[in-house]
Amino acid sequence: MFAQLPDSAAQIRLREIAARTYEAPTATHVVCAPGTQILLPMVAALVPPGRAGVLGPTYSEHGRAAALAGHAVMDVRDINELRGVDLAVVVNPNNPDGRIITKERLLALSDDLSGQGGLLVVDEAFMDVAPAGASLADEVHRGNLIVLRSFGKFFGLAGLRLGFALAAEDLAVTLNAALGPWAVSGPAIAIAERALADDTWIGATRTRLASAAAKLDQLLVEADVEVVGGTSLFRLVHTHRAHEIFQHLGTAGIIVRAFREQPTWLRFGIPSESSWDRVRSRLATCGELAGKATTQ
């Protein structure tokens, strides 16, 4: 596995299991890559440089990748503002607030863009924990739609570096050619084959994550912060004490995401099993700090 290049049969098997798991039309619609990050500028370059619209606030790398591909990038807040652009990007569910745009609205946007040669990119990195039926993976045959899926987030293996683009067959051929042979390592293929086929583990993990997210929400409410969104893989809170809490948690080795553009936001990941007591204890002291501030 480590001493040899992955053979073509292994790569085909990975495409087949990914197509089944993500409900793409066939394996020929699947592109395997060493993480979705490397795909972003490649996908943005599938249309000539023009206007790109990114539905925000969201993952900033989409805008950067579109700019690298020569597009003039607009950060928009309403999906209707994406009509008329050459490249439209929607993260669904969104990072960091968990916003979900319905399948119907996204397909309508795809239809609007198709008449002018526009491309819709839907980043479904967190779709593994979204409501059933929300993915657009089964619609990529329509030709101007690309769906991105991340392996590492749901399976907790970010360092494996594996992601997928689901696209019409001609676009998949173009992306595969750009990536070149052996884009994905043999160990990544072997691990992903087993993981993507393990329906029992996938179902149990979705249930466990939903329970853990509810448990974290309760701790956050007790810490006197407002939970305003997220998925069962992360929670977004609003608090005017964001900087104070960020520092307070960080000194205990609990790292949360702060946002320069939204200084009252913090994003919390779901704690590992061994971390719950430490997170609970530190969040409890956050609540105590808030109480002291109120009485002073």
Worksheet item: Got a sec? Which residues in region 106-127 would a label at Gln37 touch, if it sits 7 Å along Cα→Cβ and we count backbone N under 16 Å?
Response: 125
Worksheet item: Looking at the chain, what % of its DSSP beta bridges pair antiparallel, to the nearest 5?
Response: 55 percent
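Can you give the direction-averaged projected area of the convex hull of the alpha-carbon atoms in the chain, in nm²? Present the calculation step by step, with values, prior to reporting the outcome.
Numbers: hull surface 65.1 nm².
Its average projected convex-hull area is 16.3 nm².
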Practice prompt. Divide by every residue of the chain the summed helix terms, -39500 (n - 2.57) for each DSSP H run of at least 4, and state the resulting mean residue ellipticity at 222 nm, rounded to the nearest 500 deg cm²/dmol.
Written response: -12500 deg cm²/dmol
Response to the item:
The rounded separation in angstrom of the Cα centers of region 248-290 and region 146-224 is 25 Å
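Direction-averaged shadow area of the convex hull around the Cα atoms of region 225-273, nm²?
Value for region 225-273: 3.5 nm².
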Practice prompt. Could I have the simple spin-label model distance between Val173 and Ala72, label points 7 Å from Cα toward Cβ, reported in nm to one decimal?
Written response: 3.4 nm
Discussion item. Starting from the 7 Å offset along Cα-to-Cβ, what nm value, one decimal, do you get for the label separation of Glu193 and Thr264?
Written reply: 5.2 nm
Worksheet entry | Peptides 103-116, 34-47, 197-210 ordered by average Cβ neighbours within 10 Å, highest first | 34-47, 103-116, 197-210
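Calculated FRET efficiency, Thr26 and Thr285, Cβ-Cβ r, R0 45 Å, to nearest 0.05? Could the numbers behind the result be given before it?
Numbers: r = 54 Å, r/R0 = 1.19.
Between Thr26 and Thr285 the formula returns 0.25.
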Practice prompt. Please give the direction-averaged projected area of the C-alpha convex hull for region 30-157, in square nanometres with one decimal.
Written response: 7.1 nm²
Fill in: Relative contact order of the chain, pairs being alpha-carbon contacts under 8 Å that are 6 or more residues apart, as %
17 percent
Worksheet entry | Inter-site label distance for Ile100 and Thr200 at 7 Å from Cα along Cβ, in nm | 2.7 nm
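Taking a cut-off of 13 Å, what percent of all Cα-Cα pairs in region 57-130 are separated by more than that?
Working: 1763 of 2701 pairs.
Roughly 65 percent, rounded to a whole number.
No value in this document is a laboratory result; all are computed from the given coordinates. Keep in mind the model is a prediction, meaning the values are calculated, not measured. FYI the Cβ positions are ideal-geometry reconstructions off the backbone, even for glycines, and counts take in every protein chain you see.
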